[in-house]
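Working notes, structure below.
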Amino acid sequence: MSERFDTPQWGGDVPRRGAADEAQEPDGPDLEAAAENVLEGWPESDEPVIDREPDDEAAAVPDTGEPAAPLADHVSATMEHAPGELTVPPGFAVLEGQPVGERRAVGIVVARFNGDVTTRLLESALAELETRGVARGAITVMPVPGAFELPLAAMALAKTRRFACIVALGCVIRGDTPHFDYVSGETASGLQLAAIETGVPVAFGVLTLDRADQADSRVDKGAEAVRTGLEMADVFANLRAAAAR
Ligand SMILES: Nc1c(NC[C@H](O)[C@H](O)[C@H](O)CO)[nH]c(=O)[nH]c1=O
Ligand SMILES: CC(=O)[C@@H](O)COP(=O)(O)O
C-alpha cells in the first residue's frame with residue numbers, strides 16, 4: 001500500500017487540494033519498491049577574516065611587517081547577514097507557509113562531485129527532513145555525477161508531480177579556469193528554470209566556494225534548503241486552498 005502525500009498539483013486537469021478536498025488527493029509515490037529510496041544508475045579550517053578577490057589590489061592589505069591592526073567595528077571574523085525578522089505592516093492579507101513536512105514527499109538531487117562535502121550536505125538535509133516530520137519512505141534521493149547535472153535531475157523529479165518540493169545539493173569549488181563560473185552559473189539558473197517550468201519548488205542547496213575549507217561552516221545549507229523547500233510547498237498549498245474558497 002502506498003501512503004498518501006501532499007504533492008503539488010498544478011494545471012486544470014487535476015483536482016485542487018485543500019483542507020476541504022483531502023479525499024481527492026492523488027496517491028503519493030509508491031516508494032516501497034525503491035530500496036532505501038535511492039534512485040541511481042551512486043558509485044576544515046577557520047573562516048577568513050575578510051573574503052575578497054585575491055587579485056583585488058585595492059582591497060589588499062600591504063605586508064608592512066607590523067602587527068595587524070584590530071578589525072574595524074563593522075568587520076566580523078565571519079560574514080553575517082543583516083539581523084531581524086521581516087515585518088509586514090498590519091492591514092494586509094498575508095499568504096505564507098511553514099516548513100512542515102508531515103504527509104509531504106520530497107525529492108533530493110545530490111551531486112557526487114566533491115563527495116565529502118555533498119555527503120555532509122545530504123546528512124544535514126536528511127536530519128532536517130526528519131525534524132520537520134517527513135517520513136523516511138517519502139524521501140527519494142537521486143545522486144548525479146556533478147552539479148551541472150542537478151537541474152536536469154531536479155526537473156525530471158519535479159515533472160513526476162510526486163514531490164511537494166525538490167532539494168538540490170552540490171558543491172562547486174573554484175579552480176584555475178573559468179570552469180567554475182560555467183558550472184555554478186548553469187547549475188543555479190537551471191535549478192531555477194526547473195522550478196519555474198514545473199511550479200514545483202526547487203531549493204538551492206549548492207555551495208559555490210572559492211576554497212574547499214569554506215565548506216565546513218556551510219554544510220548546514222542542506223538543512224536550510226530543506227526548510228526553504230518545505231516552506232514554499234506549504235505556501236503553495238495554502239495558496240491553492242485559498243484560491244479554491
Ligand atoms: N568542477 C565541479 C564539477 N564539475 C563536473 C560537472 O558538474 C559535470 O558533472 C561535468 O562537467 C559533466 O557534465 N561538478 C561539481 O559538482 N563541482 C565542481 O566543483
Ligand atoms: C568547477 C571548477 O572550477 C573546477 O573543478 C575546475 O578547475 P579548473 O578551473 O582548475 O579546471
Original post:
Do you know which residues across segment 185-194 are closer than 24 Å to GLU123 by Cβ and more than 8 Å from ligand 1 (Cβ to nearest atom)?
Top reply: ALA188, LEU191, ALA194
**OP:** Please tell me if THR177 is farther than 30 Å from GLU102 by Cβ, under 14 Å from the mean Cα position of the chain (by Cα) and not hydrophobic (A, V, I, L, M, F, W, C).
**Re:** no
**OP:** Could you check ARG103 against (1) surrounded by 18 or more Cβ atoms within 10 Å (Cβ to Cβ); (2) at negative phi and say which number it fails?
**Re:** (2)
**OP:** Kindly establish whether THR118 is under 16 Å from the mean Cα position of the chain (by Cα), within 16 Å of ligand 2 (Cβ to nearest atom), open to solvent by less than 20 Å² (accessible area, probe 1.4 Å) and of a type in the set (S, T, N, Q).
**Re:** yes
**OP:** Taking the options ALA243, ALA194, name whichever one is of a type outside the set (Val, Ile, Thr) and either open to solvent by 40 Å² or more (accessible area, probe 1.4 Å) or assigned to a loop (DSSP other than H, G, I, E, B) (or both).
**Re:** ALA243
**OP:** Keeping to segment 219-228, report how many residues are part of a helix (DSSP H, G or I) and open to solvent by less than 60 Å² (accessible area, probe 1.4 Å).
**Re:** 4
**OP:** Could you tell me which residue of segment 159-178 is nearest to ligand 1 (Cβ to nearest atom), considering only residues that are in contact with a Pro (Cβ under 9 Å, 6 or more places away or on another chain) and more than 25 Å from ALA212 (Cα to Cα)?
**Re:** ILE166
Original post:
Quick check: anything in segment 227-235 small (Gly, Ala, Ser), at pLDDT 95 or above and closer than 17 Å to VAL141 by Cα?
Top reply: yes
Subject >> Matching residues, segment 139-183, being among the polar types (S, T, N, Q) and within 21 Å of THR198 (Cβ to Cβ) >> reply: THR140, THR160
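The values are calculated or read from the model by the stated rules, or taken from the named source; none is laboratory data. Quick caveat: nothing in here was measured; it's all calculated off a predicted structure. Virtual Cβ from ideal backbone geometry, glycine too; neighbours counted across all protein chains shown. In case anyone asks, the SASA skips ligands and DNA or RNA and just uses the protein heavy atoms, side chains included. Shrake-Rupley method; radii C 1.70, N 1.55, O 1.52, S 1.80 Å.
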